[in-house]
Amino acid sequence: MMTGNAKGTAADAAKPWLGLRRIMALLVVVVFALVALPGCSGLKPIKTAAKTNPDKMETIVMPCADKDKKKAAKEFKSSGDFTDVTVNKKGELVFKVTERQRRREIIDREHEINYYAAGFLSRKPEYHYTVSKDLSRFSVWLDKDSAPWFWGTFPYDTMVLHYFRRQPGTFKMHVTMFNCHTGKEVDDYDALDPGGHRWTQDQFGD
């Protein structure tokens, strides 16, 4: 009888511990479940970078410095990789481009600037130029032997980059040209002026 009673007493004594173990196990499960939730773990969920669709179409509007706007649009369309180029009522160029075309145009313009700048600077040691930090002023020192490939295209290429990079504001650039031998100012004009520069080679002297 004592033996039987001892077993019953031990079993009865173990029941509370069994219940406590079950409660603790349940709490562990709940804690792990809460930790797995982003709002409860204290960790921010990892965001994956959204992929840009290279064929997504967009519209880029840019001022036109040419007198013949329609001719300029036609030349842009034939020489570049654009879906379409037209002229709006304000005389601005309207480009229809994909993301792939936009990026390609940026690369091409950057390459053109670097290529012509290197050629210009290597021509004569007196040749040089400066550009303000905000790109609003472009000063160039040259003489009558200088071909217009660099100083003639730099303002326009820079303007195209401004709009194709989606930079804010209206692009403006003032150009000042100097005789690289005398330091005398030869011309001063707005890069978007349809009349463009007005200097002649005789102004540079010998």
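The values are calculated or read from the model by the stated rules, or taken from the named source; none is laboratory data. What you see is a predicted model, and the numbers here were worked out from it, not measured in a lab. Cβ atoms come from the backbone with ideal geometry, glycine included; neighbour counts cover every protein chain shown. Quick note on the areas: whole protein, heavy atoms, side chains included, nothing else; ligands and nucleic acids left out. Shrake-Rupley method; radii C 1.70, N 1.55, O 1.52, S 1.80 Å.
Summary of values
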{"quantity": "Every residue from region 73-93 that is farther than 17 Å from T158 by Cα and either touching a Lys or Arg at 6+ places or on another chain (Cβ under 6 Å) or hydrophobic (A, V, I, L, M, F, W, C) (or both)", "calculated": "A73, D81, F82, T83, D84, V85, V87, G91"}
{"quantity": "Residue list for region 38-93, filter: closer than 18 Å to L161 by Cβ, modelled with pLDDT of 90 or more and hydroxyl-bearing (S, T, Y)", "calculated": "T59"}
{"quantity": "Positions within region 139-161 being over 11 Å from F178 (Cβ atoms) and of a type in the set (D, E), in sequence order", "calculated": "D145, D157"}
{"quantity": "Test: residue in region 144-155 that is in a helix (DSSP H, G or I) and either aliphatic (A, V, I, L, M) or under 29 Å from E58 (Cβ atoms) (or both)", "calculated": "yes"}
{"quantity": "Scope region 76-86; condition touching a residue at least 24 places away in the same chain (Cβ under 8 Å), acidic (D, E) and open to solvent by less than 60 Å² (accessible area, probe 1.4 Å); matching residues", "calculated": "none"}
{"quantity": "Among residues of region 87-127, those that are assigned to a strand (DSSP E or B) and open to solvent by 70 Å² or more (accessible area, probe 1.4 Å), counted", "calculated": "1"}
{"quantity": "Count of region 164-206 residues which are part of a loop (DSSP other than H, G, I, E, B), at pLDDT 85 or above and open to solvent by 90 Å² or more (accessible area, probe 1.4 Å)", "calculated": "8"}
{"quantity": "Region 122-136 residues that are over 16 Å from F178 (Cα atoms), paired with ones that are open to solvent by 70 Å² or more (accessible area, probe 1.4 Å) (beta carbon under 7 Å, 6 or more apart)", "calculated": "S136/K172"}
